[in-house]
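What follows is a set of notes on a single structure, which appears directly below.
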Amino acid sequence: MWRAEAAPAPILLSATASDASTGGAGVQAGDQVVVRFDSSTNAVAITAANIAAALPLNNGHSWLDGAGAIASAVWSTTTFANDTLTVTLSAGTATPTVAIADTVSTGTVIADVSSANPATGTAALAGSFGVDRLTVAGIDRAPASTTLGRRHATVANGVKVYDDLNDDGVLDTGEPALGSRRRPGWSQRRW
């Protein structure tokens, strides 16, 4: 009598965060984590009630928001049937503590198509939930007693720019406005 072999256990390939909310830095409602496996899965429904058992996180972190919820978890096909799970986060009363570089593991919930062999493996959470951006609120103005020729260095697009300060302590960053004073010898150099 011929007997079919059980499918091998799916292996966790990757977990990648994305700033799907486009709302700024850090985890926010609508941000997503895409989890990929190397083969078909049983596509078990992932909910707030079982996500900690399905995809445990290290560091005591959680997929759940302050209200104990996730927005959704949807299976899709990238290469094999139901090999990709997209978890959309929510932020009711507080954001989830899941973070970049967390270790995502497989628990006992996600398995092969026959549900006989639980998924295996771990993946470090890559990607980004939004990047912190540097905001410059002002420039360092020279005191009124500044001598002419003092330089101020800034970095723009990876290029260090040295700008001379004029006699009133204001940083010269380009051509002066029509009718304004310009100190002889003013220059802008790029290294």
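For the range 14-123, state which chymotrypsin sites (Phe, Trp or Tyr not before Pro) are in a DSSP loop and have at most 15 other beta carbons lying within 10 Å of their beta carbon. Sites meeting the loop and neighbour criteria: PHE80. Here the spin labels are modelled as points 7 Å beyond Cα on the Cα-Cβ line, and at VAL131 and SER40 they lie 4.0 nm apart. Around the amide H of ALA73, modelled in the peptide plane, lie the amide H atoms of THR88, all under 5 Å away and 5 or more residues distant in sequence or on another chain. Over all other residues within a Cβ to Cβ distance under 14 Å of VAL34, the charged ones net out to -2, with Lys and Arg as +1 and Asp and Glu as -1. Our estimate of slack between THR77 and ALA49, defined as 0.36 nm per intervening residue step minus the Cα-Cα distance, is 7.7 nm.
A short reminder: the numbers here are calculations on the coordinates, not readings from a lab. Since the model is a prediction, treat every value here as computed from it, not as a measurement. When we count neighbours, we look across all protein chains shown, and the Cβ atoms used for this are built from the backbone with ideal geometry, even at glycine.
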